[in-house]
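Below is one structure; the comments refer to it alone.
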Amino acid sequence: MLTQELKDEILHEAELYEELRGACIDALLVVQRHAGWVDDESIKDIAALLKMTPDEVDSVATFYNLICRRPVGRHAIRLCTSVSCWVMGYGGILAYFKERWNLVPGQTTADGRFTLLPNQCLGTCDRGPALMIDDDLHQDVDVSKLDAILARYE
């Protein structure tokens with residue numbers, strides 16, 4: 001169940017929109033920021049709060065690629081899989097995660113620190129390969145930079 005604090009935060013975001021349903025993505029992000037992901041119960045609670053059906057909220061949650069509908073590690077790594085990033089070195093980065101962390105897309109490290117998620121596009125095609133860790137975008141990534149980048153996310 002959504003706490004009163006979460007409901008208040010969602011309703012505060014909803015003030016920016018003409019209709020409550022306009023705050024759907026914001027509501028999903030609020031829940032995810034507090035819980036790490038968005039479960040089915042939260043989908044139902046958001047729907048009730050925003051006067052939507054659970055199916056409408058779930059369709060937004062499953063369409064929007066920054067919403068996690070299953071548990072993830074403490075830090076979600078979204079690795080861009082677009083053609084641009086693929087051409088610019090995506091394969092080397094993917095190999096690094098497999099060799100260094102025994103991590104493939106969709107999996108979480110044994111210590112629960114990272115979950116690697118494929119992401120079709122991060123909108124930075126001219127600066128690929130790219131990845132996003134939590135809310136931080138990293139551009140022009142190469143394998144030699146990854147240890148230093150990941151060290152920031154203890």
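The values are calculated or read from the model by the stated rules, or taken from the named source; none is laboratory data. If you're wondering where the values come from, they're calculated on a predicted model, not measured in any experiment. Using ideal geometry, Cβ is built from the backbone for each residue, glycine included, and neighbour counts are taken over all protein chains shown. These accessible areas exclude ligands, DNA and RNA; they are computed on the full protein's heavy atoms, side chains included. Shrake-Rupley method; radii C 1.70, N 1.55, O 1.52, S 1.80 Å.
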Run through the stretch 43-125 and list the trypsin sites (Lys or Arg not before Pro) located in a DSSP loop whose Cβ has at most 14 other Cβ atoms within 10 Å.
51
Using a 1.4 Å probe on heavy atoms of the protein chains only, the accessible area for residue 104 in Å², nearest 10, reads 50
Net charge near residue 112 (other residues with Cβ under 13 Å of its Cβ; Lys, Arg +1; Asp, Glu -1) is 0
Check cross-link reach from residue 51 to the aspartates and glutamates: straight Cα distance under 20 Å, and skip same-chain residues fewer than eight apart.
5, 8, 9, 13, 15, 18, 19, 26, 39, 40, 41
Solvent-accessible area per residue for the stretch 3-154 at a 1.4 Å probe radius, Å²?
55
Could you give the nm distance between label points at residue 51 and residue 151, where each point is 7 Å from its Cα heading toward the beta carbon?
5.3
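Per Stokes-Einstein, at 25 °C and 0.890 mPa s, what whole-number D in µm² s⁻¹ belongs to the stretch 53-108, with the Kirkwood radius over Cα pairs as the hydrodynamic radius?
Estimated via Stokes-Einstein, D reaches 185 µm²/s.
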Please give every one of the lysines within straight-line cross-link reach of residue 44, meaning a C-alpha to C-alpha distance under 26 Å, and leave out same-chain neighbours fewer than 8 residues apart.
7
Just reorder 63, 97 by solvent-accessible area, largest first, 1.4 Å probe, all chains present.
63, 97
Provide the solvent-accessible area of residue 84, counting protein heavy atoms only and rolling a 1.4 Å probe, rounded to the nearest 10 Å².
40
Protein-only accessible surface order, largest first, of 37, 86 at 1.4 Å
86, 37
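Mind ranking 1, 132 by accessible surface for me, highest first, 1.4 Å probe? Before the final figure, lay out each step's value.
Working: 1 175, 132 35 Å².
I get 1, 132, largest accessible area first.
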How big is the antiparallel share of DSSP beta bridges in the stretch 1-151, given as a percent to the nearest 5?
55
